[in-house]
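The values are calculated or read from the model by the stated rules, or taken from the named source; none is laboratory data. This is a predicted model, so every value here is computed, not measured. All Cβ positions, glycine included, derive from the backbone under ideal geometry; neighbour counts span all protein chains shown. For accessibility, only protein heavy atoms count, side chains too; no ligands or nucleic acids. Shrake-Rupley method; radii C 1.70, N 1.55, O 1.52, S 1.80 Å.
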Protein chains: 2
Amino acid sequence: MYRSHTCGQLRIEDKGTQTKLAGWVQKSRDLGGMTFIDLRDRYGLTQLAFNMEVNKELCAKARGLGREFVVQIEGEVVERESKNKKIPTGEIEINVSAITILNAAKTPPFTIENKTDGGEDIRMKYRYLDLRRNPLQDKIRLRHQVGIQTRSYLNDIGFYEIETPYLIKSTPEGARDFVVPSRMNENEFYALPQSPQTFKQLLMISGFDKYFQIVKCFRDEDLRADRQPEFTQIDCEMSFVDREDVLNTFEGLTKHLFSKIRNVELPIFPRMDYDDAIENYGIDKPDVRFEMTIKNLNDVAQNKGFQVFDSSEFVGGICATGSANYTRKQLDALTEWVKRPQIGAKGLVYVKCNEDGTFKSSVDKFFDQDALKTWAESMNAKPGDLLLVLSGNKDAALKQLGELRLEMGNRLELRDSNVFKPLWVVNFPLVEKVEETGHWHAMHHPFTSPNPEDEHLMETDPGAVRANAYDLVINGVEVGGGSIRIHDKNLQQKMFDLLGFTPEEANDQFGFLMNAFEYGAPPHGGVAFGFDRLCALMGGTDSIRDYIAFPKNNSGRDVMIDAPSLLAAEQLDELKISMLKG
Amino acid sequence: MYRSHTCGQLRIEDKGTQTKLAGWVQKSRDLGGMTFIDLRDRYGLTQLAFNMEVNKELCAKARGLGREFVVQIEGEVVERESKNKKIPTGEIEINVSAITILNAAKTPPFTIENKTDGGEDIRMKYRYLDLRRNPLQDKIRLRHQVGIQTRSYLNDIGFYEIETPYLIKSTPEGARDFVVPSRMNENEFYALPQSPQTFKQLLMISGFDKYFQIVKCFRDEDLRADRQPEFTQIDCEMSFVDREDVLNTFEGLTKHLFSKIRNVELPIFPRMDYDDAIENYGIDKPDVRFEMTIKNLNDVAQNKGFQVFDSSEFVGGICATGSANYTRKQLDALTEWVKRPQIGAKGLVYVKCNEDGTFKSSVDKFFDQDALKTWAESMNAKPGDLLLVLSGNKDAALKQLGELRLEMGNRLELRDSNVFKPLWVVNFPLVEKVEETGHWHAMHHPFTSPNPEDEHLMETDPGAVRANAYDLVINGVEVGGGSIRIHDKNLQQKMFDLLGFTPEEANDQFGFLMNAFEYGAPPHGGVAFGFDRLCALMGGTDSIRDYIAFPKNNSGRDVMIDAPSLLAAEQLDELKISMLKG
C-alpha cells in the first residue's frame, strides 16, 4: 500500500488522522523555519508542512525535493493556520513525519501548471508531461465520461456493442485507405477501416437489431489543421426503423450526454431542410446560436443601375445588430477579410442604419435613401444595425455570406461556447456532380437510400433526388451524420450505376454486401458521431487534439515516439516489399 | 414505426392488443385450413396464424413466404389453442390481418437453426447468416455484456478508459508487427500495436493513476488454430501499487463479471508459485478443477535396475482415480497418445492398483509388489486407481505429464465447463535462456520488474531472478497476465543490457520511455486480459472464434469479404512500394 488517501481526499473532518500519501511535488515554498510542499496526484493537491525546528533533517530533505519528484509521505492531518478556500483540501495540511523519494525528476522542459510556458512543439514531444496539467487531465476525463455515458445509455435501450474487424479490404473509391501488407498472403494487403459501414449493415442483416461501437477509423488524407489520420466514431445502426426512429433515438443519446456531463438540458432538436440551411446560413451545418440569417436582396438591389449587382446571379446580405458604429478602418479590415483567398469575395458593400433613421452606404452613388430603406426593411434591420452585402454566383456568395456571418458572430460575441443549439439537417441531395469530370458523387456514401418519393428521378434527374440522410449539427459543428440505408439489391445496383461503378467494380468491392441483400436484409439505418469532435464541443473548445491522449501532428507524425519510422531490411524482405525512390 | 412490439415480447396478458411486428420467417406450417408462421427477431419468436376460410387471399400470401423472408405484419394478439411452454410467447399467437413483404430471401445455403446443417467453410463465407443463429446471437450478446460490465466495474472504482494510438512505431524485437506504409512520410511505416504497453506506462507517468482500455491488438504470427491476427485485450494499469493491490483489483473485476454474467460467485483466488505449478501440474497455467497432481518418483523408482528410469533425470507420475479397469487396448491407445510428436514421450509405464491390493504393471519385470506399493503410497493411490508414469529430461517429462493429466481429466470428465476454478500464478522467472543462441529472453516483456529481493542476482545469475509478474489462470486457461513494471531508468537499462539490446537499439526503440522515466515516473503495474478468451471461457466453450463477430481463418483471411486482396497499381504507386516476386 503506497497510500492510505489520495491528494484530493482529506478534509478538516479528518483532523488527527495518520495518513500516507503519494504523488508529485507541484510546488515548494520556504517561509522562515517552515517548508510547504504542494503534493499533487490525479485527485487534487494536499499541502505538506515541515518545521525546521521540530525535525531539521526531514525539513532539509523536503527542501531538496525538486518539482515533479515522486514522493511518498507519512504524517498527521492538521488544521491549517491560513486556509485556502480555493481547493477542497484547503483547510488542512499534513504534518509530515517521513518522506520516501520514489523517483527523482529532472526539471521538466516546461512548467506543469494550468497555464504553461511551453510551446506547442515541445509539449507534443513531451506529451506525457503535458498530460499532467489539469486542463488536459480534465479533457481526458471528460472523454472517458462521454464514452461511459454513451455506452450506458445505448446499452439501456437494447443496443449491443459489437466489434468489427480492423484488417479489412481496400476499396479504392472514396477517401484513401491505409493499407497493411499481408505476409501470409503474398502480394495482398488488408486495409484499415474508414468506418465499419458495411460491417454494421451486415450485422443488421444478421438480425442484431441495434448495434453500436465506439471505434477507431482511419483515413489517409492530406491533413488539414485539426484532422487526425486515426479518429474515433460512435458508430450505430438499427433495423426496422424509419428516419424519425433514428433521429429520436440519437436525440435522446445527445440529450443524455449533455445532461449527465454538462448538466445542460437540451430542448427538442429542430429539423431544418438542407436547402433552407444553405439559403439562410450559407452552410449545411448552421450555427443557430444567433440569427443574422442571410437575406436575398435580388428584388431590391438589382436593376438600379449598379453594374456589379446587376451582372450577379445573386445579391444577399446579413444584418449585424448594433454594428452601425463600425469605423472606416473596421469596415476596410472586414472588406480585406472577405477578399482573402479562403473566402474569395470580390468586395463588400455595407449600409449603416444610423440611429437618426438615415443610411450611410458604400454604394450611395447608386442607391438613394429610399432604396437603402427597402434593403433595411428586407433585412428587418433597425437603427444602429450594419448591413453587409455580397454578390456573385449564388452558391459562392451564399458560402461567403455564411463565413462572414460566423465571423460577425464571433466579433459580436454571439457564439458562447457554453450555450448549445442542436438541430437536425435533413433532406440532403443524394448525389452531387463533380464539375471536372461530370460524374455523380454520393453526398453521404453509396449506401444511403433516396427519399422514396424521389426514387423515380434517379435516372432522369439525379441531382433533384433527396437522400434519406441527416446530420446532427450543434453550434455550427457537424457532430454526426447518417441515413436510412438501401436494403434492396436492385436499388443498390442502380445507385452504383449512377455513381459510375462498373458491375465488376461493384461486385469486386461490395459483392458480399450485394449478396447479403438477397438473403433477407431488413430495412435499416444509422448514424455515426465524431467522438473526438463531440468531446471537444462538450468541453467547450474547438480543438480536438487536446481530447486525444496521443495525437499526431499535421504531417501525421507522432513526435513523441517518432513514428512513422524506417523498417528494418528484414521486415521489408519478409513482406516482399521494396521501396521505390521518390 | 415498423413495429409496436418485438417478437419476444407479447404474453397472454396482451390478449386483444392490436400489434405490428417485423422479423424473419423462421418456419411455416400448413395444417388443414390454417397456416402458422414462426416470426423471428433478436428478441424471440412469435407465432402468426392465418385462416384460409377467414381470409383466403392473405393466407395464400402467407403460404408464399419462404424461409428468411423479412415481413411486417399487423394483427390481434389471441390465445393459442395448443400452448408451447418452451418459449415465453408460447401462450399467444397473432391473428394476422395484413402482411407486408419488406424483403424476399433466397433459400439460405444452410439452415438457420440452433443446430445447422452447414459446414465450417460455408458458414464462414456467409457469416452474416450464421450470426442469425441463436447460439451465435447468444455468444455475441455475452461478449457485449462482458464489455459493459467490465467498463461499469472499472469506472466505478476510478479507472479512466483512455484510447491509445493504433498507428505507432515498429519494434522488431518480440512478435512480428503488422506495418502500415506512410504516404506522407516517404519510406516510413507505422506499426499496429501488439499491445498498448508503452503507452499505458506513459499514461501512468502522466499521472492518470488508473487506466483501462478494451482495445484491439495485432500480431503477425503464423496462426495456430484459434489464434487471430487481431484480438482484443482488456488492458489496465495502475500507479502507486504493489502486486497485491493489482491482484486484488482484478480479482474483484473477475468476480464481478462471473457474478453478473454467469451468476457464479467465485471464491478467493489462491496464489501458486510458478515453480509449484510446473512441479505439480507440468504447466504454468494449471487446471485446478481436479487434483491428479504430478508426483516425483525418483526416490522410489530409480536404482532398482530398470535402465530407462535409472538413466533419466526425472521419473514422475499421475494417479488416475478409479481407472484400474483400463483395458489393454485403452492402455495401448494411451501409450500411442503420449508418443505422438505433439507430446513426445518415449513410452508410458502403468501400474494398476487392483481392488484386491495387488498391483499389475508394465514393468513387473523390474519392480516387485513391494516396490510398486511404495509407488502407490508416494502417489496416495487407492485400490482401483491407475498410475501413469513417464521419465526423461525433467522439463520435458513434467510437460508431458501435464498434458497427460489434462487428457485423463477429459476422459474422466473432471473438467466441467460450468465449474470455474481461478488462481493467480506468481513468481515467474524474469528471463529464460534461448537454448539455440544462449541469449536471455524476457518471460513476460522487457518492462517487467524483478522481485526487489532478487535484483542483485541480475548480473550474476539472471536465470534465478524471479519477476514481479503474475498470471490469472482459470480452468487451465491463461485469462490474463501482468506485472509490476520497472519505473527506474537505470534498472530498465540493466534489463535491456541483459536482453542483449545495444544502447542504440534500446534508445531507438524505447528512448521516449527511458526519457520519460527521468521526469518523475511513479511505481506502477498492471494487467492485460485476453478478452476473446475470457468471453469463450465464460461462455463455457474453448473456441474463441464464435465470440468474434467477423473472425479470420487460419490463413488470416476473411473469407466473407475476401480480404486481404490485391491493391490497385495506383495505390502502390502512391505509397512508392513495389512487390518483389516470391
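Taking the listed residues A:Pro522, A:Pro503, A:Pro450, the one that is under 23 Å from A:Arg243 (Cβ atoms) and touching a Phe, Trp or Tyr at 6+ places or on another chain (Cβ under 9 Å) is A:Pro522, with no other qualifying.
Within the span defined as region B:20-33, every residue fails to be buried (at least 20 other Cβ atoms within 10 Å of the Cβ) and over 42 Å from the mean Cα position of the chain (by Cα).
Consider region A:558-577 and keep the residues that are of a type outside the set (Val, Ile, Thr) and assigned to a strand (DSSP E or B). The one that is nearest to the other protein chains (Cβ to nearest Cβ) is A:Ala563. Only one of the numbered conditions (1) farther than 30 Å from A:Tyr160 by Cβ; (2) in contact with a Pro (Cβ under 7 Å, 6 or more places away or on another chain) is violated by A:Met560, and that is (2). The set of residues in region B:206-238 being closer than 29 Å to B:Ser555 by Cβ and of a type in the set (Asp, Glu) consists of B:Asp220, B:Glu221, B:Asp222, B:Asp226, B:Glu230, B:Asp235. Pick from A:Lys85, A:Lys115: which is surrounded by fewer than 16 Cβ atoms within 10 Å (Cβ to Cβ) and out of contact with any Pro (no Cβ under 9 Å at 6 or more places or on another chain)? After ruling out the rest, the residue left standing is A:Lys85.
When residues in region A:93-105 are screened for being surrounded by 14 or more Cβ atoms within 10 Å (Cβ to Cβ) and within 14 Å of chain B (Cβ to nearest Cβ), 5 of them pass. Number of residues in region B:69-107 that are more than 21 Å from A:Phe240 (Cα to Cα) and in contact with a helix residue (DSSP H, G or I) (Cβ under 7 Å, 6 or more places away or on another chain) equals 3. For region A:333-350, a tally of residues being open to solvent by 70 Å² or more (accessible area, probe 1.4 Å) and not in a loop (DSSP other than H, G, I, E, B) returns 2. Reported count of residues in region A:499-520, each being among the small types (Gly, Ala, Ser) and touching a Lys or Arg at 6+ places or on another chain (Cβ under 8 Å), is 0.
Here B:Phe531 meets the list (1) open to solvent by less than 40 Å² (accessible area, probe 1.4 Å); (2) out of contact with any Ser or Thr (no Cβ under 6 Å at 6 or more places or on another chain) almost entirely, failing just condition (2). All of A:Asp364, A:Asp368 fail the test of being without any contact (Cβ under 8 Å) to a residue 60 or more places away in the chain and open to solvent by 90 Å² or more (accessible area, probe 1.4 Å), apart from A:Asp368. Filter region A:138-179 down to residues that are surrounded by fewer than 18 Cβ atoms within 10 Å (Cβ to Cβ) and touching a Gly at 6+ places or on another chain (Cβ under 9 Å) and give me whichever is nearest to A:Phe550 (Cα to Cα). Looking at the filtered set, the residue picked out is A:Asp138. When B:Gly384, B:Gly392 are checked against the criterion of being surrounded by 14 or more Cβ atoms within 10 Å (Cβ to Cβ) and over 17 Å from B:Ser323 (Cα atoms), B:Gly392 stands alone in meeting it. So, B:Asn554, is that one over 30 Å from B:Asn263 (Cα atoms), touching a residue at least 60 places away in the same chain (Cβ under 8 Å) and more than 7 Å from chain A (Cβ to nearest Cβ) or not? Taking the combined requirement at face value, the residue satisfies it.
Can you find even one residue in region A:236-250 that is surrounded by 15 or more Cβ atoms within 10 Å (Cβ to Cβ), closer than 25 Å to B:Ser4 by Cα and small (Gly, Ala, Ser)? Yes, region A:236-250 contains at least one residue that is surrounded by 15 or more Cβ atoms within 10 Å (Cβ to Cβ), closer than 25 Å to B:Ser4 by Cα and small (Gly, Ala, Ser). Counted as qualifying within region B:30-118 are the strands (runs of 3 or more DSSP E) with 1 or more residues that are modelled with pLDDT under 95 and of a type outside the set (A, V, I, L, M, F, W, C), namely B:44-51. A single entry from A:Gly438, A:Gly480 fulfils the requirement of being open to solvent by less than 40 Å² (accessible area, probe 1.4 Å) and in a strand (DSSP E or B): A:Gly480.
One residue is enough: does region A:180-193 have a residue meeting the conditions of a type in the set (Val, Ile, Thr) and surrounded by fewer than 24 Cβ atoms within 10 Å (Cβ to Cβ)? No; the residues of region A:180-193 include none that is of a type in the set (Val, Ile, Thr) and surrounded by fewer than 24 Cβ atoms within 10 Å (Cβ to Cβ). Of everything in region B:413-430 that is open to solvent by 50 Å² or more (accessible area, probe 1.4 Å) and touching a Phe, Trp or Tyr at 6+ places or on another chain (Cβ under 8 Å), the residue that is farthest from B:Leu257 (Cα to Cα) is B:Leu414. Residue check: A:Ile268 meets all listed conditions (1) under 22 Å from A:Gly525 (Cα atoms); (2) open to solvent by less than 40 Å² (accessible area, probe 1.4 Å); (3) out of contact with any Phe, Trp or Tyr (no Cβ under 9 Å at 6 or more places or on another chain) but one, namely (2). Within region B:319-336, residues that are under 14 Å from B:Val389 (Cα atoms) sit with their Cβ atoms under 6 Å from residues that are part of a helix (DSSP H, G or I), at 6+ positions apart or across chains, in these pairs: B:Ala320/B:Met408. For region A:534-557, the set of residues classified as outside any loop (DSSP other than H, G, I, E, B) and surrounded by fewer than 17 Cβ atoms within 10 Å (Cβ to Cβ) is empty. Residues in region A:131-143: is at least one closer than 30 Å to A:Leu202 by Cβ and not hydroxyl-bearing (Ser, Thr, Tyr)? Within region A:131-143, one or more residues are closer than 30 Å to A:Leu202 by Cβ and not hydroxyl-bearing (Ser, Thr, Tyr). Of the residues making up region B:53-67, one or more are of a type outside the set (S, T, N, Q), within 14 Å of chain A (Cβ to nearest Cβ) and crowded, with 20+ Cβ neighbours inside 10 Å.
From the list A:Ser152, A:Ser170, the one residue that fits, being assigned to a loop (DSSP other than H, G, I, E, B) and within 11 Å of chain B (Cβ to nearest Cβ), is A:Ser170. Within region B:318-332, the only residue that satisfies the criterion of being assigned to a helix (DSSP H, G or I), open to solvent by 20 Å² or more (accessible area, probe 1.4 Å), within 19 Å of B:Glu403 (Cα to Cα) and not acidic (Asp, Glu) is B:Gln330. Got at least one residue in region B:206-216 being at the interface with another protein chain (Cβ under 10 Å from one of its Cβ atoms), open to solvent by 20 Å² or more (accessible area, probe 1.4 Å) and closer than 29 Å to A:Val25 by Cβ? Checked against the condition, which is being at the interface with another protein chain (Cβ under 10 Å from one of its Cβ atoms), open to solvent by 20 Å² or more (accessible area, probe 1.4 Å) and closer than 29 Å to A:Val25 by Cβ, region B:206-216 yields at least one hit.
Among the residues here, A:Lys346 qualifies as farther than 17 Å from A:Leu297 by Cα and modelled with pLDDT under 95.
For region A:120-133, taking the residues that are without any contact (Cβ under 8 Å) to a residue 40 or more places away in the chain and more than 10 Å from every other protein chain (Cβ to nearest Cβ), the one that is most open to solvent (accessible area, probe 1.4 Å) is identified as A:Glu120.
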